[in-house]
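Worksheet: one structure, shown below.
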Amino acid sequence: MFYILHKRKLIPIDPDRVYAFCPQCGVLHAVDLQAEIADGDCDLLDTLTYCDECSKAIRAAGLAATEKEE
């Protein structure tokens, strides 16, 4: 188990209480830390996690670009 130190208290990192700010829109959203770590290429300082809406927009833009190339 991992902990963070906050105001001289150890707080366990609970998978249901992990959040990040979306780098595109800035909204605070829940993150599945276990899924991020499971892929084996997780860097807690440099990993960017997008909110659901921005993720959908990014995927849609990628699909549109792929369709134009074909």
Applied in sequence order to the stretch 13-24, the curve 6.51 cos²θ - 1.76 cosθ + 1.60 (Karplus, θ = phi - 60°) yields integer Hz couplings, x standing for Gly and Pro, of 7, 9, x, 8, 10, 10, 9, 8, 8, 5, x, 8
So the angle from the long Cα axis of helix 52-69 to the longest Cα principal axis of the chain, reported in degrees to the nearest 10, equals 30 degrees
With Ile13 itself left out, Lys, Arg at +1 and Asp, Glu at -1 over residues whose Cβ is under 14 Å from its Cβ give -2
If unit charges are put on Cβ atoms (+1 for Lys and Arg, -1 for Asp and Glu) and the dipole of the chain is taken about its Cα centre, the option from Ala20, Leu63, Ile37 lying farthest towards the positive end turns out to be Ala20
Here the Cα Rg-to-2.2 N^0.38 Å ratio for the chain is 1.44
Burial-style ranking of 9-19, 50-60, 31-41, average other-beta-carbon count within 10 Å with highest first, yields 50-60, 31-41, 9-19
Which residues qualify? For Val18, with a placed amide H closer than 5 Å and at least 5 residues away or on another chain, they are Val31
Rounded to a whole %, the carbon-and-sulfur portion of the accessible area of the chain at a 1.4 Å probe is 56 percent
Taking a probe of 1.4 Å and leaving out DNA, RNA and ligands, the chain shows per residue an accessible area in Å² of 89 Å²
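The values are calculated or read from the model by the stated rules, or taken from the named source; none is laboratory data. Just so it is clear, the model here is predicted, and its values are computed rather than measured. No Cβ is skipped: glycine too gets one built from the backbone with ideal geometry, and neighbour counts run over all protein chains shown. Protein only, heavy atoms only, side chains kept; ligands, DNA and RNA dropped before computing areas. Shrake-Rupley method; radii C 1.70, N 1.55, O 1.52, S 1.80 Å.
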